[in-house]
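Heads up, the thing below is written out as structure tokens.
The values are calculated or read from the model by the stated rules, or taken from the named source; none is laboratory data. This structure is a prediction, so every number in the text was calculated from the model and none was measured. Counting neighbours? That spans all protein chains shown, and the Cβs are built from the backbone with ideal geometry, glycine included.
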Amino acid sequence: MIEFRNVKKSYKSNIILENFNLNIDSGDLVVLIGSSGCGKTTLLKMINRLIETTSGEILVNGKNIKEEDPIKLRRSIGYVIQQTGLFPHMTVKENIEIIPKLMGKADGVIDKKTNELLNMVGLDPEQFSDRYPVELSGGQQQRVGVARAFAADAEIILMDEPFSALDPITRTELQEELFNIQREYKKTIVFVTHDMDEALNLADKICILKDGEILQYDTPENILKNPAGPYVEDFVGKNKIWSKPEMIRAEDVMITNPVTVNPKRNVLQGIQIMREKKVDSLLATDKTGKLLGFVTLEKIQKVENKKALIEEIMSSDPACVCEDMSLPELLEVFNNLKRGYLPVCNAEGKLRGLVTRSSLITVLSSQYIEMGGNNDE
Ligand SMILES: Nc1ncnc2c1ncn2[C@@H]1O[C@H](COP(=O)(O)OP(=O)(O)O)[C@@H](O)[C@H]1O
Ligand SMILES: [Mg+2]
């Protein structure tokens, strides 16, 4: 875990950061994002003491980094920057092995690790080990930069706009690669960018900065859904959530007050409730809100015995979906079940809401209309 505690950084009278507090959990990929000059690089370089704090503390796994030897500290933290920082007179292999060699690891161990790392970043060791940086494309150089940062088995990796100079396709490729690597290796990564799409693609948590202050620190999903104020909203782009349908959940699109019925009521009463509420189906729940079954108007009207209880005639297997089911999954369920609506339940089986085919269409279409309107602004 990396903790900033009351950190201040100033250059002469110019205060860059003040009262800065941030916790980065181990194994998380946290993206620092903000416009140019807001202090991202400063924050990153303070973690490996390339820049010293003016006051306050930074702790790594509970230890104040001030008390550690800065050279050792730097070796134990991977660092990737935009200009790769590869040594031009060294081969790919030599570049990757600098720190492990300095650490005195055995040649055999280093060899094996280098091959593994090259494979990890999608470069064939046979083909690339002995090349020099100038013989590589920008994307390949940056892959080597990433491999080098992982070479020392560092627990923490700092990345300062590592993909910013790459063309959009290579950039997306490398983001994908990094995402996969992170899933496997679970490092603590602090990643700086000024690009929101990149942040959304990579981050476990995003920290939005402005003039050295944190405006919002949260998961991509929460930032998209509840941007903290107009600056964040603007930064995120109002309709960004709709470009990430997998982040839209059943609970975001459901009707939250579906019409329910006590299953001990009889058919006549059921029909009466449907008429009153102008619905063509009822969800039967128990006292605790647990979903027990459902009945449609079509079915209930066919029941001869109007005194029969709802529980005797209802379908007791109401295929319900979870609150956190994503929009694409939801659409798939709708298509497979050929049903007009789906109850939404929480993990305990309690009814939370109802998604209907038409409410889904309304939500989707109103969003597209809004997006169309925005283009004209
Ligand atoms: N060595 C320095 N001396 C004076 N000011 C600096 C120095 N380094 C950075 N700054 C200032 O600190 C602020 C934050 O810089 P930086 O952390 O590089 O921003 P970012 O990476 O977010 O673009 C900027 O206003 C920059 O001009
Ligand atoms: Mg910077």
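See the values below:
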{"read-out": "Test: residue in segment 257-277 that is in contact (Cβ under 8 Å) with a residue 60 or more places away in the chain and hydrophobic (A, V, I, L, M, F, W, C)", "value": "no"}
{"read-out": "Output for segment 134-170, where each listed residue is free of Cβ contacts under 8 Å to residues at least 24 places away in the same chain and either hydroxyl-bearing (Ser, Thr, Tyr) or outside the structural domain of ASN95 (by TED's automatic domain parsing) (or both)", "value": "none"}
{"read-out": "Residues within segment 43-66 that are part of a helix (DSSP H, G or I), charged (D, E, K, R) and within 18 Å of GLY78 (Cβ to Cβ), tallied", "value": "1"}
{"read-out": "Qualifying residue in segment 188-195 (condition: within 13 Å of the chain's Cα centre (by Cα) and surrounded by fewer than 20 Cβ atoms within 10 Å (Cβ to Cβ))", "value": "no"}
{"read-out": "Count of residues meeting criterion [charged (D, E, K, R) and part of a loop (DSSP other than H, G, I, E, B)] in segment 180-236", "value": "5"}
{"read-out": "Selection status of ILE2, away from ligand 1 (no atom under 16 Å from the Cβ), surrounded by 15 or more Cβ atoms within 10 Å (Cβ to Cβ) and under 23 Å from THR193 (Cα atoms)", "value": "yes"}
{"read-out": "Per-region count, segment 20-42, residues in a loop (DSSP other than H, G, I, E, B), within 16 Å of ligand 2 (Cβ to nearest atom) and surrounded by 14 or more Cβ atoms within 10 Å (Cβ to Cβ)", "value": "3"}
{"read-out": "Checking LEU86 against (1) farther than 15 Å from ILE157 by Cβ; (2) away from ligand 2 (no atom under 13 Å from the Cβ); (3) part of a strand (DSSP E or B), the condition it does not meet", "value": "(3)"}
{"read-out": "Within segment 287-318, tally of residues that are part of a loop (DSSP other than H, G, I, E, B), touching a residue at least 24 places away in the same chain (Cβ under 8 Å) and either closer than 21 Å to GLN272 by Cβ or within 35 Å of the chain's Cα centre (by Cα) (or both)", "value": "10"}
{"read-out": "Among (1) within 30 Å of PRO133 (Cβ to Cβ); (2) in contact with a strand residue (DSSP E or B) (Cβ under 8 Å, 6 or more places away or on another chain); (3) free of Cβ contacts under 8 Å to residues at least 60 places away in the same chain - the single one ASN48 does not satisfy", "value": "(3)"}
{"read-out": "Single match in MET90, MET120 (criterion: buried (at least 16 other Cβ atoms within 10 Å of the Cβ), aliphatic (A, V, I, L, M) and assigned by TED's automatic domain parsing to the domain that holds GLU213)", "value": "MET120"}
{"read-out": "The one condition in (1) within 9 Å of ligand 1 (Cβ to nearest atom); (2) free of Cβ contacts under 8 Å to residues at least 40 places away in the same chain; (3) polar (S, T, N, Q) that SER13 fails to fulfil", "value": "(1)"}
{"read-out": "Test: residue in segment 47-55 that is small (Gly, Ala, Ser) and either within 24 Å of GLN82 (Cα to Cα) or surrounded by 13 or more Cβ atoms within 10 Å (Cβ to Cβ) (or both)", "value": "no"}
